[in-house]
Amino acid sequence: MRWRKLTAVRNLAVFAVAVAACLFAPTAVRNSVNRAFEEFRAPLDAIPSQLSDLEKFWSLSAKSKRDLIEAGRDLARLNSAYELKVLENASLRSQIHRFEKILNLPSHEKFKTEIARVCRRDISAWWQHVTIRKGSLHGIREGYAVVYGGGVVGRIAKVNAYTSVVELVSSRKFRMAAHVAGEDRPIIYQGLGSLSLQSAHGEVFDAPADLSASATSPLRLVTSALAGTFPEGILIGEIVSLAPEPDGIFKSGRVRLPKGLASLREVAVLIPVADIKTD
């Protein structure tokens with residue numbers, strides 16, 4: 001009985017020391033411990049995604065030979081079409097580089113893409129952020145732009161060695177310069193959160209007073225070069241309403257974001273070429 005009491009006192013003392021260390025330790029020490037814990041937990045976040053990939057692999061392996069032959073035939077057609085596109089793209093790139101050398105122009109390439117798989121998305125923060133399976137070891141840094149086939153995904157908010165956290169374009173913390181497609185006048189975009197798990201919205205400010213939009217005739221909102229980390233012209237969403245602001249000079253309104261944001265599987269991180277050259 002006495003041994004149990006001593007064990008309880010010892011455990012309580014250890015807990016008290018740990019709490020005191022957390023409260024009174026220097027900020028640098030606490031940040032270091034927190035980062036070490038996140039690096040330790042990062043591989044655990046990626047395990048469910050990797051198991052899902054493995055499950056998909058084995059499910060495809062279990063298909064009949066007939067299905068595999070038909071799928072291989074369709075894939076061969078797609079590969080042939082993609083090979084032609086790659087050759088055409090390479091030819092155009094070589095011509096552009098040759099003209100740049102002749103005219104002594106700077107290279108137009110500003111970004112390289114790093115494809116990453118989404119491995120985590122919390123229900124409690126569904127429209128705030130996602131975690132991807134690549135980090136600083138793959139050249140990713142905080143602030144880099146993230147896109148997908150449907151447009152803007154968001155911006156890298158936190159980087160670990162093997163994973164990164166992406167602040168989504170729907171998050172209230174996400175804010176950037178944008179403009180209407182075909183226009184060059186800047187507009188401020190900010191995430192507005194979600195009405196449900198199936199839909200998310202944003203809002204725009206300082207829109208020119210001569211613009212008008214509705215749900216039946218929306219305006220395409222795209223990225224602006226003024227945003228810095230994003231290339232020009234990538235789709236953000238559609239402006240579905242505009243109303244005068246209190247000052248009467250500009251308009252503000254609601255932005256409908258693409259539905260593809262709700263089912264992200266893979267994204268592309270845009271890495272500035274200038275950063276690659278300096279590494």
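Each value in this text was obtained by applying a stated rule to the coordinates, not by laboratory testing. Predicted model, so just to flag it, every value in this text is computed and none were measured. Glycine gets a Cβ as well: all are built from the backbone with ideal geometry, and neighbour counts include every protein chain shown.
Brief remarks follow.
- Estimated distance in nm for a label pair at Arg185 and Thr113, the labels positioned 7 Å out from Cα along Cα-to-Cβ: 3.3 nm
- For Glu142, neighbours were defined as the other residues whose beta-carbon sits under 11 Å from its Cβ, and their charges (Lys and Arg +1, Asp and Glu -1) total +2.
- In plain terms, the chain from Glu266 to Ser64 could stretch by 69.9 nm, reckoned as 0.36 nm per residue minus the Cα-Cα distance.
- Length gained on full extension, Arg93 to Asp122, computed as 0.36 nm times the residue gap minus the Cα-Cα distance: 6.4 nm.
- Take each peptide in 215-228, 70-83, count the other Cβ atoms within 10 Å of every residue, and average; sorted highest first, the result is 215-228, 70-83.
- Gain on full stretching of the segment that runs from Lys85 to Ile276 - 0.36 nm per residue minus C-alpha separation: 66.2 nm
- Among 111-118, 173-180, the peptide with the highest mean count of other Cβ atoms within 10 Å heads the list, and the full ranking is 173-180, 111-118.
- Charging the Cβ of each Asp and Glu at -1 and of each Lys and Arg at +1, and nothing else, the dipole of the stretch 111-279 about its Cα centre rounds to 720 debye.
- Convex hull of alpha carbon positions in the stretch 134-279: directionally averaged projected area 9.4 nm².
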